[in-house]
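Trainee: This structure is in structure tokens; I'll ask about it shortly.
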Amino acid sequence: MPAGLEEVGRGDHPVIALHGWFGSGAAWRPLQPYLDGARFRYVFPDYRGYGSRIAEPGSHTLEEAAGDVLALADEFGFDRFSLVGHSMGGAVMQRVLADAPERVRALVGVSPVPASGGELDEDGWALFSGAVTEAGNRRAIVDFTTGNRLTGVWLDAVVRRSLDTSDPQAFGDYLVAWGKSDFHGEIQGSELPVKVIVGEHDPALGESRMRATFEQWYPNCEIDVLGNAGHYAIDETPIALATSIETFLAGVG
């Protein structure tokens, strides 16, 4: 097993969980106690420049991240596997599908970035690009995407975790990767089973954005809106999120 890689379960259905821009593989820990390890086998890798791979060089593109996912699957002997992706991880999982469609069993996006990119306006890009160097920008983004309703103690913890587990150069490069990429033409029409889970309080990647993107591109897409959650359902509603993910994956052939 690669150094620092976390796993849960030894079930027959492999699942690779891909973290978001502010996270690392460890960001999935609030969810882990509620996962069914008898049915599924979850692995939680880091991208280059994050977590256990913070010092590993790379180009920090979606293509590179997807290639690393496929290499990891080969290392574990996963011929076919499902993917769960949070936020930026939603773009990475779709890049894996575009590059190796025969290997993917199902996709589950948790407030996922669509394959059309971030679609940030000028002010949004200034806020997000400023987050590369400014902790205050990171805090403002987390607060906004969770509906300006959560304790500042948690906001500060998310920012601190982000600063501690990501390399600034990688962080900036990945913003361009998920924010500026548009490859939806490569995945449009895929009949793969897809589930998208969003929080009711996420104004950026909520239900309306998913219906305009994922629902239009994937004929077999279902959308679940979680109450009392924003962009970070992993932290906000982990039991409901685990239930939604596994109810879907249990029905995938």
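Rule-based calculations on the coordinates, nothing more; no lab input. Predicted model only: the values in this text are computed from it and were never measured. Reconstructed Cβ throughout: ideal geometry from the backbone, glycine too, with neighbour counts over all protein chains shown.
Trainee: Take the eigenvalues of the Cα gyration tensor for region 57-123, scale each by 5, and report the square roots as semi-axes in whole Å, largest first. Spell out each step's value before the answer.
Mentor: Details: eigenvalues 101, 40, 16 Å².
Whole-Å semi-axes of the equivalent ellipsoid: 23, 14, 9.
Trainee: Take the Cα pairs of region 21-93, get the Kirkwood Rh, then feed it into Stokes-Einstein at 4 °C and 1.567 mPa s and tell me D in µm²/s.
Mentor: It comes out at roughly 98 µm²/s.
Trainee: How big, in percent, is the set of alpha carbon pairs in region 44-83 lying more than 17 Å apart? Each step should come with its number before you reach the end.
Mentor: Values: 233 of 780 pairs.
Of the Cα pairs, 30 percent sit more than 17 Å apart.
Trainee: What does the chain give for Rg and for Dmax, in Å, if only its C-alpha atoms count?
Mentor: Rg and Dmax of the chain, Cα atoms, are 16.4, 47 Å.
Trainee: Charges on Cβ only, +1 for Lys and Arg, -1 for Asp and Glu, centred on the Cα centroid of the chain; of Phe78, Gly11, Ser59, which one is farthest towards the dipole's positive end?
Mentor: Gly11
Trainee: If I build a Gaussian network model for the chain, linking alpha-carbon pairs within less than 10 angstrom, which residue out of Ala115, Ala126, Ala17 has the largest mean-square fluctuation?
Mentor: Highest fluctuation among the options: Ala126.
Trainee: Further question: Region 96-121 to region 160-176: how many Å between their Cα centroids?
Mentor: 20 Å
Trainee: Now for a different question. Along each of its three principal axes, how wide is the spread of alpha-carbon positions in region 171-253, in whole angstrom units, largest first?
Mentor: So the three principal-axis extents are 34, 32, 22 Å.
Trainee: While we're looking at this one, here's another question. Given the options Thr165, Thr146, Thr213, state which has the largest fluctuation in a GNM of the chain using a 10 Å cut-off (strictly under) for Cα springs.
Mentor: Top of the fluctuation ranking is Thr213.
Trainee: Cα-based Rg (one decimal) and Dmax (whole number) for region 1-43, in Å?
Mentor: 10.4, 30
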